[in-house]
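To start, the structure itself, in structure tokens.
The values are calculated or read from the model by the stated rules, or taken from the named source; none is laboratory data. Bear in mind that the values here come from a model prediction, so they are computed numbers and not experimental data. No Cβ is skipped: glycine too gets one built from the backbone with ideal geometry, and neighbour counts run over all protein chains shown.
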């Protein structure tokens with residue numbers, strides 16, 4: 001039995017991970033679950049999966065969870081210290097499903113204690129990729145990517161001599177707004193943006209998909225995760241979202257990973273690696289696939305992607321600033337404080353004002369992140385909808 005802990009168990013990836021684990025009760029044992037504040041979902045997860053320990057980082061929510069029934073069955077920890085205790089409990093696989101920049105420090109700590117980490121968070125790598133990958137090598141840890149695109153690249157490269165790699169093709173569905181004009185984008189509603197044509201995801205990542213910032217963040221993630229320069233990565237708009245990414249080798253051969261658009265497929269492989277278990281989802285039916293099409297991304301309509309390219313070129317603390325400003329701007333849009341097209345304007349303004357540190361330590365990254373959030377919040381107040 002493989003022993004599993006999940007950080008961020010009540011989020012989209014966490015819930016899908018537990019959904020996969022339901023199908024293999026004799027293969028996996030849940031040791032720990034961690035959540036921020038969604039104690040209603042966490043309570044049900046505890047009853048369904050019987051973990052040994054649970055961490056709730058929002059201390060105000062602990063009392064709602066901490067009733068006698070649960071205390072008799074599971075050890076409950078709270079706050080950041082509680083999360084650290086769960087991280088320190090060694091398991092066979094730690095699933096890092098915490099969303100956003102909040103995952104940076106838990107991941108940093110987990111590298112010291114956990115031999116294998118299934119990573120579903122891209123923001124931590126974007127903020128501190130070189131430092132994280134250096135620490136992973138120092139502690140001789142293994143990272144298994146969960147995101148569909150990174151999982152696809154990882155599967156295509158598995159066991160291959162990296163000196164033969166020529167190019168990585170990072171595919172994007174194009175999001176729900178691909179065919180709209182710039183004028184239409186300026187007055188798009190939150191509801192329309194959240195209506196993704198292919199994937200069911202959390203609100204923040206769905207907005208990132210609509211702005212193409214998600215693909216820009218994945219560009220940075222790919223650079224650090226696979227140790228390649230941004231110039232070796234090409235982004236393709238692939239509306240069918242069947243090819244999840246491809247790699248090209250120096251002899252002209254291209255390997256692609258294809259599957260249905262369901263996050264449970266890459267999650268299952270991350271859980272079972274290096275083995276493959278029989279899937280419980282329907283197989284891809286090629287007779288129903290009418291075509292596979294590819295387009296260049298429109299950087300004029302979706303300037304967030306160009307801003308990510310700039311961060312990829314300059315590196316240093318700029319990726320952390322890009323990510324922080326994006327988090328603030330997207331949250332403001334979801335709360336209807338700014339219009340859609342102000343997301344990229346806020347990010348661009350914050351980037352222009354930032355004094356980049358070319359070779360940062362962790363403290364530099366955290367300071368840059370905090371500064372960028374404050375700067376972006378100031379711009380939201382200045383440009384926000386009254």
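Restricting attention to segment 122-159, the residues that are surrounded by fewer than 24 Cβ atoms within 10 Å (Cβ to Cβ), closer than 22 Å to residue 236 by Cβ and out of contact with any strand residue (DSSP E or B) (no Cβ under 9 Å at 6 or more places or on another chain) add up to 1.
Tell me yes or no: at least one residue of segment 114-121 is modelled with pLDDT of 95 or more, more than 18 Å from residue 10 (Cβ to Cβ) and in a helix (DSSP H, G or I). So far as segment 114-121 goes, no, none of its residues is modelled with pLDDT of 95 or more, more than 18 Å from residue 10 (Cβ to Cβ) and in a helix (DSSP H, G or I).
Suppose the filter is over 22 Å from residue 313 (Cβ atoms), touching a helix residue (DSSP H, G or I) at 6+ places or on another chain (Cβ under 8 Å) and either touching a residue at least 40 places away in the same chain (Cβ under 8 Å) or outside any loop (DSSP other than H, G, I, E, B) (or both); does residue 200 pass it? When the stated conditions are applied, residue 200 passes them.
Screening segment 361-386 for residues that are buried (at least 19 other Cβ atoms within 10 Å of the Cβ) and touching a residue at least 60 places away in the same chain (Cβ under 8 Å) and picking the one that is farthest from residue 194 (Cα to Cα) gives 365.
With respect to being at positive phi, outside any strand (DSSP E or B) and in contact with a strand residue (DSSP E or B) (Cβ under 7 Å, 6 or more places away or on another chain), residue 174 fits the description. Across segment 170-197, the qualifying residues are those that are within 29 Å of residue 254 (Cβ to Cβ) and surrounded by fewer than 17 Cβ atoms within 10 Å (Cβ to Cβ), and the one among them that is modelled with the highest pLDDT is 179. Could we say that residue 119 is crowded, with 17+ Cβ neighbours inside 10 Å, closer than 25 Å to residue 256 by Cα, touching a residue at least 12 places away in the same chain (Cβ under 8 Å) and out of contact with any helix residue (DSSP H, G or I) (no Cβ under 6 Å at 6 or more places or on another chain) here? Considered against the rule, which asks whether it is crowded, with 17+ Cβ neighbours inside 10 Å, closer than 25 Å to residue 256 by Cα, touching a residue at least 12 places away in the same chain (Cβ under 8 Å) and out of contact with any helix residue (DSSP H, G or I) (no Cβ under 6 Å at 6 or more places or on another chain), residue 119 comes out as yes. In the set (1) under 23 Å from the mean Cα position of the chain (by Cα); (2) within 27 Å of residue 216 (Cβ to Cβ); (3) modelled with pLDDT of 95 or more, residue 261 fails one condition alone, (3). The set of residues in segment 140-169 being assigned to a loop (DSSP other than H, G, I, E, B) and modelled with pLDDT of 90 or more consists of 140, 141, 146, 147, 158, 160, 161.
For (1) over 25 Å from residue 14 (Cβ atoms); (2) outside any loop (DSSP other than H, G, I, E, B); (3) touching a helix residue (DSSP H, G or I) at 6+ places or on another chain (Cβ under 7 Å); (4) at pLDDT below 95, each residue gets a yes or a no:
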site	(1), (2), (3), (4)
281	no, no, yes, yes
313	yes, yes, yes, no
325	yes, yes, yes, no
356	yes, no, yes, no
376	yes, yes, yes, no
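Please tell me if residue 241 is within 20 Å of the chain's Cα centre (by Cα) and either modelled with pLDDT under 95 or under 19 Å from residue 124 (Cα atoms) (or both). So residue 241 fits the description; yes.
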